[in-house]
1. Whether any residue in the stretch A:1-12 is open to solvent by less than 20 Å² (accessible area, probe 1.4 Å), touching a residue at least 12 places away in the same chain (Cβ under 8 Å) and not in a helix (DSSP H, G or I) is what I want to check.
2. Looking only at residues in the stretch B:13-27 that are within 11 Å of chain A (Cβ to nearest Cβ) and in a helix (DSSP H, G or I), which one is surrounded by the most Cβ atoms within 10 Å (Cβ to Cβ)?
3. Here is a check on your reading of the model: is A:Val136 out of contact with any Asp or Glu (no Cβ under 7 Å at 6 or more places or on another chain), on the phi < 0 side of the Ramachandran plot, within 14 Å of chain B (Cβ to nearest Cβ) and open to solvent by less than 10 Å² (accessible area, probe 1.4 Å)?
4. Can you report the number of residues in the stretch B:330-368 which are in contact with a Lys or Arg (Cβ under 8 Å, 6 or more places away or on another chain) and small (Gly, Ala, Ser)?
5. State which residue is farthest from B:Leu247 (Cα to Cα) when the search covers only the stretch B:185-215 and only residues that are open to solvent by less than 10 Å² (accessible area, probe 1.4 Å) and part of a loop (DSSP other than H, G, I, E, B).
6. Six or more apart or on different chains, Cβ atoms under 6 Å: show the pairs whose first residue is in the stretch A:202-214 and more than 16 Å from A:Pro260 (Cβ to Cβ) and whose second is modelled with pLDDT under 95 and open to solvent by 20 Å² or more (accessible area, probe 1.4 Å).
7. So how many residues does the stretch B:278-317 have that are among the charged types (D, E, K, R) and in contact with a helix residue (DSSP H, G or I) (Cβ under 7 Å, 6 or more places away or on another chain)?
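The values are calculated or read from the model by the stated rules, or taken from the named source; none is laboratory data. Note that the structure is a prediction, hence the values are computed from the model and not measured. All Cβ positions, glycine included, derive from the backbone under ideal geometry; neighbour counts span all protein chains shown. SASA here: full protein model, heavy atoms, side chains in, ligands and nucleic acids out. Shrake-Rupley method; radii C 1.70, N 1.55, O 1.52, S 1.80 Å.
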Protein chains: 2
Amino acid sequence: MLNEKMVALGTQRSVIRELFEYGKQRAAEVGAENVFDFSIGNPSVPAPDCVNETAIKLLKEMDSVILHGYTSAQGDAGVRKMIADSLNSRFQTSFTADNLYMTVGAAAALCCCLNGLACPGDEFIVFAPYFPEYKVFIEATGASMKLIPADIEAFQIDFKAFEEAINEHTKGVLVNSPNNPSGAVYSEETIKKLAEILEAKSAEYHHPIYLIADEPYREIAFEGTFVPYLPKYYNNTLVCYSWSKSLSLPGERMGYVVVPDEMDDHELVYAAIAGAGRSLGYVNAPGLFQRVCALCANETSDISVYETNKNILTKGLRDMGYHVVEPGGTFYMFPRTLIDDDIAFCEKAKLEHNLLIVPGTGFGCPGHARISYCVPTEQVERSLAAFEKLAKSYK
Amino acid sequence: MLNEKMVALGTQRSVIRELFEYGKQRAAEVGAENVFDFSIGNPSVPAPDCVNETAIKLLKEMDSVILHGYTSAQGDAGVRKMIADSLNSRFQTSFTADNLYMTVGAAAALCCCLNGLACPGDEFIVFAPYFPEYKVFIEATGASMKLIPADIEAFQIDFKAFEEAINEHTKGVLVNSPNNPSGAVYSEETIKKLAEILEAKSAEYHHPIYLIADEPYREIAFEGTFVPYLPKYYNNTLVCYSWSKSLSLPGERMGYVVVPDEMDDHELVYAAIAGAGRSLGYVNAPGLFQRVCALCANETSDISVYETNKNILTKGLRDMGYHVVEPGGTFYMFPRTLIDDDIAFCEKAKLEHNLLIVPGTGFGCPGHARISYCVPTEQVERSLAAFEKLAKSYK
């Protein structure tokens, strides 16, 4: 008599969360220094000083009734203006406050976009490897997810499989670059080809196919890796952003959707997103952190540690014989497992070497494992011996 | 090609919001002192000192990575324990952290409960006058809302109409006491009778009929008005709470659901609510304000001004010949309009007397108007002359 889908979603144990809990328990048994927990994508560096300083200043100086009061449903107008200005200065766009819709993190941004767009029978295309909650969010709208197998050589896009998957039911395509779990960044060439296909297929089926860009890792790009700003390549792009990773604020849940003026029927799309937010119970994104994030929009945490860790792991693992596609950003990498069965491989890593990495199967890409290196560099260094023992056990 | 329901929800203009915007514009024309804006339910008193002091202390002293990091999806365990303790000391209950699920305000709490419970074909019963977003939230799940006409003598429950409305499709009943828009508080007698009927009908139809209590106004009760704690009267009660009104924090979006152990299959119901939260994109309720609200859970803003305003308005309006059911709580009252057409009445009040009150029709109760007296007492006093002129114009 309950909604069985919701019961299942609330009861299913997350592989990642279980691994994380195991790690804490194991640390108590054998000592934290002997457990190498790479399970969870929780930023390991604190928020920049700007965040707490701005929050304290607002709490001390701003009228409490206004600071903690309802903002308009789309977010405070001043906040949206500041964010538009920040985007414009960084990406040479010309957004105004009216192009922004503030959300309770990127998950909410995605849910508002998907619920605003989805009609019965619609399909959304996702590329493996992918963040598994996408399936939950897409299916919650009544639409279905179509998964394109991974390009395991470079974690770009298998365009042949992509083109074949598009049909008259395709409402949108969801991309996540820099990518969780692979760390890959789609090249400008990939984005141009993606845009070209979407233009052609939109024309063929006489309706826009929306590109939904989930971009919480945009700022975590290595060695000046270029992360193309998608609205500049394809007009029907919705950008879903979150400060969870760039400002190390995942628990505060603050993000936004960009609805560019160049989008077909952009005012209706904005209305649909706002209507979805309303029907999902999002009254407004939290007021204090709307203002904090807007005032710190041009800052990031000290994300250099992630690049240091990436370099150590890429070289170290390759030297041991692992196949690693070098990440262009994020704090993840997605090496191939040394046997086809990634679940068995990760279980062995866990039980025999206290090395906690996540099987690729859950990300739609078997034969790989995710390493979350948002951890102290010292843990990364000490873990190399465990990765080496694991490799040797397969020789 | 967009979801037309969502476009409609995002495009519909809110009567209340329009009235509020008119008030601001009118104030610029004739002076703020000549406009009597009773349109919006935004708390007019600041949060108690505890709120900002606690927030600043946490921002200064707590580890930033933990403070701003993900909490578990159901909310921080320590936070849930503190809230359970606060409820237990006030209502002689015996909740633990496991009975609490933290949400992004009461709207999210309602959406999580409704989505967790609703199956195709289900009906939820609501009593007029009612907060109009209930219909949006219920219909978003695919269920339908059945509205019971108001008991306009006392704003309790028309039990005859209620009993007749229950059938095998009734999944739940949503109550809001203290009530927006009437300010009425359901008496213990009303609650006992409600529970009795729900027990009998649950037995008759062989499945639980859930009682969903939306309680953001619980703490704003006048002259010691007793607000029965519903889980003590009916086991299958879900309590949806928010600190928006009690701590004057509507923009921060912080609330919770209580799932009592006494509820049938309470663990499955909790899982369904958590699953719904997940599918709606609620990753966790914002971390800083989870902790702030838990640490201030036994405090309230200085809500005495609302009672002062209620007393002045009740006496003043009655002396002028208005029919007023005296509120037991909230910062609303819901007098009868002096003509049947409440929309025409409110329009006349607005255009001829700069008196901004909201027609009852939108709350499912024509012939009445909502006065939101969460305003300075001085505005209430000055408004009496306008209410009087309005009354005289109908004599």
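1. Here is the first cut: in the stretch A:1-12, the residues open to solvent by less than 20 Å² (accessible area, probe 1.4 Å) are A:2, A:7.
Filter again for touching a residue at least 12 places away in the same chain (Cβ under 8 Å), leaving none.
No, the stretch A:1-12 contains no residue that is open to solvent by less than 20 Å² (accessible area, probe 1.4 Å), touching a residue at least 12 places away in the same chain (Cβ under 8 Å) and not in a helix (DSSP H, G or I).
2. Only one residue tops the list, namely B:Phe20.
3. Details: out of contact with any Asp or Glu (no Cβ under 7 Å at 6 or more places or on another chain): yes; on the phi < 0 side of the Ramachandran plot: yes; within 14 Å of chain B (Cβ to nearest Cβ): yes; open to solvent by less than 10 Å² (accessible area, probe 1.4 Å): no.
It is false that A:Val136 is out of contact with any Asp or Glu (no Cβ under 7 Å at 6 or more places or on another chain), on the phi < 0 side of the Ramachandran plot, within 14 Å of chain B (Cβ to nearest Cβ) and open to solvent by less than 10 Å² (accessible area, probe 1.4 Å).
4. 2
5. Only one residue tops the list, namely B:Ile209.
6. Pairs that qualify, where the first residue is more than 16 Å from A:Pro260 (Cβ to Cβ) and the partner is modelled with pLDDT under 95 and open to solvent by 20 Å² or more (accessible area, probe 1.4 Å), are A:His207/B:Met1.
7. Restricting attention to the stretch B:278-317, the residues satisfying the condition of being among the charged types (D, E, K, R) are B:278, B:291, B:299, B:302, B:307, B:310, B:315.
Now narrow it down to the ones that are in contact with a helix residue (DSSP H, G or I) (Cβ under 7 Å, 6 or more places away or on another chain): B:278, B:291, B:299.
Of the residues in that region, 3 qualify.
Yes/no matrix, rows are residues, columns are (1) out of contact with any Gly (no Cβ under 9 Å at 6 or more places or on another chain); (2) more than 30 Å from A:Ile66 (Cβ to Cβ):
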{"site": "B:Glu223", "(1), (2)": "no, yes"}
{"site": "B:Leu238", "(1), (2)": "no, yes"}
{"site": "B:Ser248", "(1), (2)": "no, no"}
{"site": "B:Glu262", "(1), (2)": "yes, yes"}
{"site": "B:Ala285", "(1), (2)": "no, no"}
{"site": "B:Phe289", "(1), (2)": "yes, no"}
